[in-house]
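Peer 1: Got a structure for you, written out below as structure tokens; questions coming shortly.
The values are calculated or read from the model by the stated rules, or taken from the named source; none is laboratory data. Since the structure is predicted, the reported quantities are computational estimates derived from the model, not experimental observations. Cβ sites come from the backbone with ideal geometry, for glycine too, and all protein chains shown count toward neighbours. In case anyone asks, the SASA skips ligands and DNA or RNA and just uses the protein heavy atoms, side chains included. Shrake-Rupley method; radii C 1.70, N 1.55, O 1.52, S 1.80 Å.
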Amino acid sequence: MKQLVLDLGADQAQSLDSFEVGQNAELAHLMHQFAGRSSREHFAYLWGEAAAGKTHLLHALAATPASRYIGAGAPESAFAYSPDISLYLLDDCAKLSPQAQIEAFALFNQIRENGAYMVSTGPVPPAVLPVREDLRTRMGWGLVYQIHGLSDEEKIAALTHAADARGLTLSASVLPYLLSHFRRDMRSLSTMLDALDQYSLETQRPVTLPLLRDLLQQANREEDDEA
């Protein structure tokens, strides 16, 4: 049997349209306004659990013109204000170093002075974020949204829609089993759906529970080999 390498860490194209909205309709609308620089508010802070979609949204916004994505480990130069950049995207603020917090504080001030935009993210609300008090205050300048993760029913609905778009027919037990026996974030689940599609084509077998079990066993073997 041909080995299928499941690259669960691979970066996939991320867009606002591919963000699974779930209970985040108001937030999704706001992100489209930030993409068009049409929001009345110039600052937004997004918080939520890991894999809720915070980085997905920032990467999607970073694809718009005159944007800059700033990760927690970015160099000092990334925090320098530029008149050519109208949208700054500061990710995972809880991991900012003491020096990066100083740079971020200065950047917030310059963004406000020049009418630019900023979306920042963290795992908790600004009020309890483990950063400098003056930086916490600035992260609360604009709108603060909690990103709600998808329920199991919403994940199944999203994966079913993605399978239908591929012309892929899944037996009824496949997706509930996948949610119970595999990583639960949508990025990994979507990657597994791609792998199921490929595996089904290569083996000329329908996507049923036995096929999924075979693929999951292979994925576990690959992870064990890499360990």
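Peer 1: Measure nothing fancy, just the Cα-based angle from helix 186-203's long axis to the longest principal axis of the chain, in degrees from 0 to 90, nearest 10.
Peer 2: In the chain, helix 186-203 runs at an angle near 30 degrees to the longest axis.
Peer 1: Can you list, largest first and rounded to whole Å, the semi-axes you get for region 95-227 by taking the square root of 5 times each eigenvalue of its Cα gyration tensor?
Peer 2: Semi-axes from the Cα gyration tensor: 44, 17, 13 Å.
Peer 1: Moving on. What does the charge dipole of region 120-174 about its Cα centre add up to, to the nearest 20 debye, if the Cβ of each Lys and Arg holds +1 and the Cβ of each Asp and Glu holds -1?
Peer 2: Roughly 240 debye for region 120-174.
Peer 1: Tabulate in residue order the Karplus-calculated ³J(HN,Hα) for region 26-38, using 6.51 cos²θ - 1.76 cosθ + 1.60 with θ = phi - 60°, rounded to whole Hz; enter x for Gly and Pro.
Peer 2: 5, 5, 4, 4, 4, 5, 5, 5, 5, 4, x, 6, 10
Peer 1: Roughly how many debye, to the nearest 20, is the charge dipole of region 112-227 about its Cα centre, given +1 on each Lys and Arg Cβ, -1 on each Asp and Glu Cβ, and no other charges?
Peer 2: Working: 12 positive and 17 negative charges, 86 e Å.
Approximately 420 debye in magnitude.
Peer 1: Additional query: Find the relative contact order for the chain and round it to a whole percent, using C-alpha pairs within less than 8 Å whose residues are 6+ positions apart.
Peer 2: 24
Peer 1: Can I ask one more? Toward the positive end of the charge dipole of the chain, about the Cα centre and with charges on Cβ (Lys, Arg +1; Asp, Glu -1), which of Thr160, Leu201, Ala78 goes farthest?
Peer 2: So the residue furthest toward the plus end is Ala78.
Peer 1: For the chain, with only Lys/Arg (+1) and Asp/Glu (-1) charged at the beta-carbon, what is the dipole magnitude about the Cα centre, in debye rounded to 20?
Peer 2: Using only the charged Cβ atoms, the result is roughly 420 debye.
Peer 1: Regarding region 28-121, what whole-number volume in Å³ per residue does the convex hull of its Cα atoms give?
Peer 2: 87
Peer 1: Packing-wise, with mean Cβ within 10 Å as the measure, how do 185-192, 55-62 rank, highest first?
Peer 2: Those peptides, ordered most packed to least, come out 55-62, 185-192.
Peer 1: In whole percent, and with a 1.4 Å probe on the protein chains, what portion of the accessible area of the chain is carbon and sulfur? Intermediate results must be reported in sequence, preceding the final value.
Peer 2: On the way: 5810 of 11520 Å².
That share works out to 50 percent.
Peer 1: Can you grab the distance from the C-alpha centre of region 145-188 to the C-alpha centre of region 48-108, Å, no decimals?
Peer 2: The distance from the Cα centre of region 145-188 to that of region 48-108 comes to 29 Å.
Peer 1: Okay, next question. Please give the helix 209-226 orientation as an angle from the longest Cα principal axis of the chain, in degrees from 0 to 90, rounded to the nearest 10.
Peer 2: Compared with the principal axis, the helix lies near 60 degrees.
Peer 1: For the chain, with the dipole built from +1 on Lys and Arg beta-carbon atoms and -1 on Asp and Glu ones, taken about the Cα centre, which of Leu212, Gly142, Thr191 lies farthest toward the positive end?
Peer 2: Gly142
Peer 1: Roll a 1.4 Å probe over the protein chains and send me the accessible area per residue for the chain in Å².
Peer 2: 51
Peer 1: I need the peptides 162-173, 146-157, 115-126 ranked by packing, meaning the mean over residues of other C-beta atoms within 10 angstrom, with the highest value on top.
Peer 2: Going by the mean number of other Cβ atoms within 10 Å, highest first, we get 115-126, 146-157, 162-173.
Peer 1: Averaging over all projection directions, find the projected area of the Cα convex hull of region 77-124 and quote it in nm² with one decimal place.
Peer 2: 3.3
Peer 1: Note down, for the chain, the three equivalent ellipsoid semi-axes (square root of 5 times each alpha carbon gyration tensor eigenvalue), biggest first, whole angstrom. All intermediate terms of the calculation are to be shown ahead of the outcome.
Peer 2: On the way: eigenvalues 295, 65, 47 Å².
After scaling each eigenvalue by five and taking roots: 38, 18, 15 Å.
Peer 1: Please compute the modelled spin-label separation between Arg37 and Arg166, points set 7 Å along Cα→Cβ, answer in nm with one decimal.
Peer 2: 3.8
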